[in-house]
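First the structure, in the form of structure tokens, and then the observations on it.
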Amino acid sequence: MAKSKSIDDRISELSDDLLCKILSYLPTKQSINTSILSKRWKSLWFFIPSLDFAYDERDDHNIGLETEYFRFVQFVDGVFGSRRHVHVDQPNIRRFRLRCGFSNSTYDTTRWINNALQLGNVEELDISLYSRLFSTLPTQVFTCTTLVVIKLHELTIEGEVDSVCLPSLKILNLHCVKFLSDDCVAKVLSGSSATLEDLILESAISFKTSYSSSSKLVCKSFFPKLRRVSAKIRNSFLFPLKVLSNVQFMEISSYTLYDAPAVPTFNNLVTLNISLILLYWERVMHIIQNSPKLQNLVIEKLQYLTIKPLPSSVFLPSLKFMRLRWLKFEDRDCVGKLLSGCPNLEKNTHFAHEHIDVSSWGNSIRFPKLDIAIVPTLHLPLEALYNAQLLRISPNDLTLKPLPASSVFLPSLKVVRLRWVKFEDSGCVGKLLSGCPNLEKISHFEHKDIDVSSWGNSIRFPNLDIAIVPALWLPLEALQNAQLLRISPNGYPTSHAPIFHNLRDVMLDLIIVYNWDFIVSLIHHSPKLQVLVIKKDLENESMVERQNWCNPNNISGCFPSHLRECKLVGFRGLNSEVQFARYIMKNAMVLESMIIWPLEAQKMPRIAKILWSSPRSSPTCELSFESQASKRCFWW
């Protein structure tokens, strides 16, 4: 009992300062509700260094908007009144956060912001006024010397910004903020340039655009401590690149590149993210080449953009991650020229509109440190990806020519997926897979089956966990360690399956006929099998009853004792199908569900009657019939 009491009272042992800090992470309304807990908590909320209010008219459905908003105004005013009475000489509001979506709230929000600035040494101001009309913000915000963080969302700065004094400001986030003029924007940025470390401008606009000399006031300022900038605005002249030359992270749109007379050297730039809306490819390349420490590069285009030829040489020795999205290259050698200058890439992601022929690249491109390669539409030489651990290649209608006579060796490759890839020589597959001894997952989908009968026992995957190869006739011995397996039994003429010691889930795709001997052998040789799915979609009924069902008597191995779910998809009601379903229900000791998805609903009443009267070994087994429309997704 004493131990339980100490645990219950542990929160009471915390100091008032620590409790106030914990409560400061809650909305003010919730923190005030804690005052009913005890006498100690009754006045604790007065000393919380944070005020957080939120109201959204979109959430009000049952009460009149004006009535509910009036209650919100009374609550906020009451809080300010109480804080003003308690903290006359010792203001302690460090953070003020306001979310208000009422259309007629301009007067109230301005008054509350002024109250917060007057009552406390506010360090963080987070205002979001997402109403149908822009709400205003008092210009006194920009003369608050204690502010460290300013986050403004969907509002208007009223009047001229005559003076700016933000000596402590480190983070400035302006999203959909309207200024009276560009001069006001320039003054705000200049007034915080000495201390600013993180700057985000998203659609910050002005009522009128002026190209006077004063509008370029920010050009005279430098941001010595700025480390991160995200500027997606149209007012490009406010941000000449030279004032950003000290940043480590830069996210800009091509508008920022407009009218840039010179590209400076970005000695500290590590991450560059560019959204190309207008075509300034030459300036983009200048920024890249003038960034000696660049490690991460992302170039995206909202619409397809055609890239002109690159300079004669590109060398980016520090680049580790590159992503190019929705870019088309006028000269297809551009990609090779770009990639060949990035010898230390660790991850490459490329999404292009058109395929790129790299047959002429030869062996000039190597990425010895490559860890992840996602190049679904880029024909990279396989030799360039030899060190990858995760590889995705999905070129459409691609026919791979025979691999070189020399062996392929990819000892680090763990995941491989080849989709819609045709091999000119079926020996290519064996040569490729035999060089991947540490594969953990293999996924292959193609149009035609590949005969691997000549491969023998040369391929083994001791670490294989998942194998999804419905149309690839891999030797079953190579897949013996898999836990999840999807294959087509029609590819295996043998009636005997090897032992799968770890197999837990299996799906069998039946293309032509039911190979019952093989299916039963696979079940008996999978002692840990829990889920069995047999999928049959063929419409040619004259071919599906070739092999009649025979009760297995002399088959080796025992029926798996863990089988809990069996699904028969495309069930036609054939005699062999019915007998197989009865066999499963009779022998599966812990079967929980036998699910049948019939192809012809009119046959199901007769089949259901037979199966319902069939013996079941599991007392918890449930038999159900589901329509094709209700078909759920499988793990594969």
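The values are calculated or read from the model by the stated rules, or taken from the named source; none is laboratory data. Everything numeric here is computed off the predicted structure, so don't read it as measured data. No Cβ is skipped: glycine too gets one built from the backbone with ideal geometry, and neighbour counts run over all protein chains shown. What goes into the accessible areas is simple: the full protein's heavy atoms, side chains included, and nothing from ligands, DNA or RNA. Shrake-Rupley method; radii C 1.70, N 1.55, O 1.52, S 1.80 Å.
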Inset, instruction - Would you point out which residue out of Ser135, Ser206 is open to solvent by less than 40 Å² (accessible area, probe 1.4 Å) and either modelled with pLDDT of 90 or more or more than 17 Å from Phe53 (Cβ to Cβ) (or both)? - result: Ser206
Legend entry - Where a residue in the stretch 113-128 is buried (at least 18 other Cβ atoms within 10 Å of the Cβ) and in a strand (DSSP E or B) and its partner, wherever it lies, is among the acidic types (Asp, Glu) and modelled with pLDDT under 90, with Cβ under 7 Å and at least six apart: Ser128/Glu154
Inset, instruction - Please work out if Ser561 is at pLDDT below 85 and small (Gly, Ala, Ser). - result: no
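Here's the yes/no breakdown for (1) surrounded by 15 or more Cβ atoms within 10 Å (Cβ to Cβ); (2) out of contact with any helix residue (DSSP H, G or I) (no Cβ under 9 Å at 6 or more places or on another chain); (3) at pLDDT 85 or above; (4) over 22 Å from Leu117 (Cα atoms):
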| site | (1), (2), (3), (4) |
| --- | --- |
| Cys20 | yes, no, yes, no |
| Ser24 | yes, no, yes, no |
| Glu68 | yes, no, no, yes |
| Ser82 | no, no, no, no |
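In the stretch 26-40, how many are in contact (Cβ under 8 Å) with a residue 24 or more places away in the chain and either under 20 Å from Phe75 (Cβ atoms) or of a type in the set (Asp, Glu) (or both)? Give the derivation first.
Initial filter on the stretch 26-40 (in contact (Cβ under 8 Å) with a residue 24 or more places away in the chain): 26-29, 32, 40.
In the following step, the residues that additionally are either under 20 Å from Phe75 (Cβ atoms) or of a type in the set (Asp, Glu) (or both) were identified as 26-29, 32.
Number of matching residues: 5.
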Inset, instruction - Would you check if there is a residue in the stretch 535-546 being surrounded by fewer than 20 Cβ atoms within 10 Å (Cβ to Cβ), modelled with pLDDT of 90 or more and within 44 Å of the chain's Cα centre (by Cα)? - result: no
Inset, instruction - Residues being within 35 Å of the chain's Cα centre (by Cα) and modelled with pLDDT under 65: count how many of those fall in the stretch 452-476. - result: 4
Legend entry - Given (1) touching a residue at least 40 places away in the same chain (Cβ under 8 Å); (2) under 35 Å from the mean Cα position of the chain (by Cα), index of the condition Ile584 fails: (2)
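Every residue, every condition in (1) open to solvent by 10 Å² or more (accessible area, probe 1.4 Å); (2) assigned to a loop (DSSP other than H, G, I, E, B); (3) farther than 18 Å from Leu418 by Cα; (4) at pLDDT below 85, yes or no:
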{"site": "Ala478", "(1), (2), (3), (4)": "no, no, no, yes"}
{"site": "Ala482", "(1), (2), (3), (4)": "no, yes, yes, no"}
{"site": "Asn490", "(1), (2), (3), (4)": "yes, no, yes, yes"}
{"site": "Asn502", "(1), (2), (3), (4)": "yes, yes, yes, no"}
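Of all residues in the stretch 150-169 being within 29 Å of the chain's Cα centre (by Cα) and either acidic (Asp, Glu) or open to solvent by 20 Å² or more (accessible area, probe 1.4 Å) (or both), which is modelled with the highest pLDDT? Break it down stepwise before answering.
If we filter the stretch 150-169 for residues that are within 29 Å of the chain's Cα centre (by Cα), which is where we start, we get 150-154.
Checking which are either acidic (Asp, Glu) or open to solvent by 20 Å² or more (accessible area, probe 1.4 Å) (or both) leaves us with 151, 153-154.
Working: Lys151: 93, His153: 87, Glu154: 83.
Among those that are within 29 Å of the chain's Cα centre (by Cα) and either acidic (Asp, Glu) or open to solvent by 20 Å² or more (accessible area, probe 1.4 Å) (or both), it is Lys151.
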Legend entry - Residue satisfying all of: in the stretch 85-107; surrounded by fewer than 18 Cβ atoms within 10 Å (Cβ to Cβ) and assigned to a helix (DSSP H, G or I); modelled with the lowest pLDDT among these: Val86
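So that you can scan it fast, the table gives a plain yes or no per residue for (1) at pLDDT 85 or above; (2) of a type in the set (A, V, I, L, M); (3) surrounded by 20 or more Cβ atoms within 10 Å (Cβ to Cβ):
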{"site": "Ala186", "(1), (2), (3)": "no, yes, yes"}
{"site": "Thr195", "(1), (2), (3)": "yes, no, no"}
{"site": "Phe239", "(1), (2), (3)": "no, no, yes"}
{"site": "Asn246", "(1), (2), (3)": "yes, no, no"}
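With the condition being modelled with pLDDT under 60, I'd like the strands (runs of 3 or more DSSP E) fully within the stretch 336-451 carrying at least 3 qualifying residues.
Fully inside the stretch 336-451 and qualifying: 398-400.
Kindly indicate whether any position in the stretch 608-624 is within 14 Å of Ile534 (Cα to Cα), of a type in the set (D, E, K, R) and modelled with pLDDT of 80 or more. I'd like the intermediate steps shown before the answer.
If we filter the stretch 608-624 for residues that are within 14 Å of Ile534 (Cα to Cα), which is where we start, we get none.
No: the stretch 608-624 contains no residue that is within 14 Å of Ile534 (Cα to Cα), of a type in the set (D, E, K, R) and modelled with pLDDT of 80 or more.
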Legend entry - Members of the stretch 504-516 that are at pLDDT 80 or above and over 18 Å from Ala467 (Cβ atoms): Trp516
Legend entry - Residue satisfying all of: in the stretch 586-607; modelled with pLDDT of 90 or more, part of a strand (DSSP E or B) and not β-branched (Val, Ile, Thr); surrounded by the most Cβ atoms within 10 Å (Cβ to Cβ) among these: Met594
